[in-house]
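Novice: Submitted below is the structure of interest, expressed as structure tokens.
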Amino acid sequence: MDEFELYKRAGEAVKRALEKGKELIKPGVSLLEVCEEVEDIIRKLSDGPAFPCNISISYEAAHYSPIPNDTKKFPEKGIVKLDLGAHVQGRIADSAISVLLSPNPKHEKLSNAVKEALEKALARAKPGLPVSAIGTTISATIKKHGFKPIRNLGGHGLSPYIVHNGVSIPNVPERLPFKLEPGRAYAIEPFGTNGAGYVVEGKEVTIYSLNPRPPRNWELKVGEDKDLVDIIEQRFKTLPFSPRWLVDVYPYEKLKEKLSKLVKAGVLYHYPILIEAKKGEVAQWEHTIFVFEDRVEVTTR
Ligand code: MN
Ligand code: MN
């Protein structure tokens, strides 16, 4: 299978999982149940999740994934961001939708503004395009509707088993030294808000990944927890993972302790939940693209 076909298969898995998720998300429904159901679809249709299912509600912008035995339920109102990833041989699809929990014209306007920003960015994407052009388009579209783009969140280049390869695609007119390159895949993901226009880190951590370049002598630092690191490497390589996927190894409380020790040792990254700075409502839409010599294809549609 060629590179594009791998990306396309991953894209199809995410698309189908998002369709199911959209049906399931309703006030009173358990976040964990939705999450497990969409992750199961991804497992059936691809080599597995590229990262844990993200379900972020209202002023939470990103990085909340249900924990083991999570008891949270969807509230009566607000915008839900369902952000899912799948991979086939490490080739990643990353796509997100916004779902309204109850009819609300203001939330609908915000969600539609961000969706339009994504569509305009995708229409503009072509080989060689500087990523700053995408930021300019996204920002102008969201602002035209009276909202703010979230300036410290954005799209990213994808590499095999790496969700964020260091190439950033801004949501604001920022000069960055990157262009869309043939043979590569990128996620484009505008976020918009009626709040401050930037996110801050919250306290909760529900997502981790292996640091591909751990500090020297890390084995000495982690001691007996090297076994856990080996399991993480076998199961997830450098893809982000949920503690839900490790509760067969240690009970959650013990696992959480060990994971935070490994973060302190520099062996793991962690991804704290991201919160809109003024607790504004947040909408997000995301697609993955693959760049050819002469055109761009969306893999997650
Ligand atoms: Mn995403
Ligand atoms: Mn992304």
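The values are calculated or read from the model by the stated rules, or taken from the named source; none is laboratory data. Given the structure is predicted, the values throughout are model-derived calculations rather than measurements. Here the Cβ positions follow ideal geometry from the backbone for every residue, glycine too, while neighbour counts run over all protein chains shown.
Novice: Within 16 Å of ligand 1 (Cβ to nearest atom), modelled with pLDDT of 95 or more and within 14 Å of the chain's Cα centre (by Cα): does that describe Pro190?
Specialist: Judged against the criteria, Pro190 is a match.
Novice: Here is a check on your reading of the model: is Lys73 more than 10 Å from ligand 1 (Cβ to nearest atom), basic (Lys, Arg), at negative phi and touching a Gly at 6+ places or on another chain (Cβ under 8 Å)?
Specialist: Answer is yes for this residue.
Novice: Do we have any residue at all in the range 36-44 that's under 21 Å from His270 (Cα atoms), in contact with a Ser or Thr (Cβ under 6 Å, 6 or more places away or on another chain) and buried (at least 19 other Cβ atoms within 10 Å of the Cβ)?
Specialist: No: the range 36-44 contains no residue that is under 21 Å from His270 (Cα atoms), in contact with a Ser or Thr (Cβ under 6 Å, 6 or more places away or on another chain) and buried (at least 19 other Cβ atoms within 10 Å of the Cβ).
Novice: Right, another one. Here is a list of conditions, (1) away from ligand 1 (no atom under 16 Å from the Cβ); (2) farther than 28 Å from Val172 by Cβ; (3) under 19 Å from the mean Cα position of the chain (by Cα); (4) not β-branched (Val, Ile, Thr), and Glu39 meets all of them except one; can you say which number that is?
Specialist: So the condition that Glu39 fails would be (1).
Novice: Give the number of residues within the range 231-249 that are touching a residue at least 24 places away in the same chain (Cβ under 8 Å) and assigned to a helix (DSSP H, G or I).
Specialist: Count: 5.
Novice: For the range 40-59, check the following and say yes or no: at least one residue is within 16 Å of ligand 2 (Cβ to nearest atom), part of a loop (DSSP other than H, G, I, E, B) and of a type in the set (S, T, N, Q).
Specialist: Scanning the range 40-59 turns up no residue that is within 16 Å of ligand 2 (Cβ to nearest atom), part of a loop (DSSP other than H, G, I, E, B) and of a type in the set (S, T, N, Q).
Novice: Is it true that some residue in the range 134-155 is among the aromatic types (Phe, Trp, Tyr) and in contact with a Lys or Arg (Cβ under 7 Å, 6 or more places away or on another chain)?
Specialist: Scanning the range 134-155 turns up no residue that is among the aromatic types (Phe, Trp, Tyr) and in contact with a Lys or Arg (Cβ under 7 Å, 6 or more places away or on another chain).
Novice: Filter the range 1-39 down to the residues that are part of a loop (DSSP other than H, G, I, E, B) and closer than 30 Å to Glu293 by Cα and list them by number.
Specialist: Matches in the range 1-39: Met1, Asp2.
Results for (1) in the same structural domain as Tyr269 (by TED's automatic domain parsing); (2) within 13 Å of ligand 2 (Cβ to nearest atom); (3) surrounded by fewer than 18 Cβ atoms within 10 Å (Cβ to Cβ), shown as yes or no for each residue.
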| residue | (1), (2), (3) |
| --- | --- |
| Gly154 | no, yes, no |
| Leu158 | no, yes, no |
| Gly183 | no, no, yes |
| Ala187 | no, yes, no |
| Thr193 | no, no, no |
| Arg213 | yes, no, yes |
| Trp218 | yes, no, yes |
| Val222 | yes, no, no |
| Lys226 | yes, no, yes |
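Novice: Given the conditions (1) in a loop (DSSP other than H, G, I, E, B); (2) closer than 30 Å to Asp2 by Cβ; (3) within 15 Å of ligand 1 (Cβ to nearest atom), which single one is not true for Ser209?
Specialist: (1)
Novice: Let me ask another. I'm checking my understanding of the structure. Among residues of the range 61-89 that are within 16 Å of ligand 2 (Cβ to nearest atom) and not small (Gly, Ala, Ser), which one is farthest from Glu5 (Cα to Cα)?
Specialist: Restricting to residues being within 16 Å of ligand 2 (Cβ to nearest atom) and not small (Gly, Ala, Ser), the top hit is Tyr64.
Novice: Let me ask something else. Does Asn171 qualify as being within 16 Å of ligand 1 (Cβ to nearest atom), touching a Ser or Thr at 6+ places or on another chain (Cβ under 6 Å) and either at negative phi or touching a residue at least 12 places away in the same chain (Cβ under 8 Å) (or both)?
Specialist: no
Novice: Go through the range 203-225 and report how many residues are basic (Lys, Arg) and modelled with pLDDT of 95 or more.
Specialist: Number of matching residues: 1.
Novice: Okay, moving on. Evaluate the following for Val114: is it modelled with pLDDT of 95 or more, within 16 Å of ligand 1 (Cβ to nearest atom) and of a type in the set (Val, Ile, Thr)?
Specialist: Considered against the rule, which asks whether it is modelled with pLDDT of 95 or more, within 16 Å of ligand 1 (Cβ to nearest atom) and of a type in the set (Val, Ile, Thr), Val114 comes out as yes.
Novice: Taking the range 78-129 only, how many residues are in a helix (DSSP H, G or I) and either more than 30 Å from Lys44 (Cβ to Cβ) or in contact (Cβ under 8 Å) with a residue 12 or more places away in the chain (or both)?
Specialist: Selection size over the range 78-129: 19.
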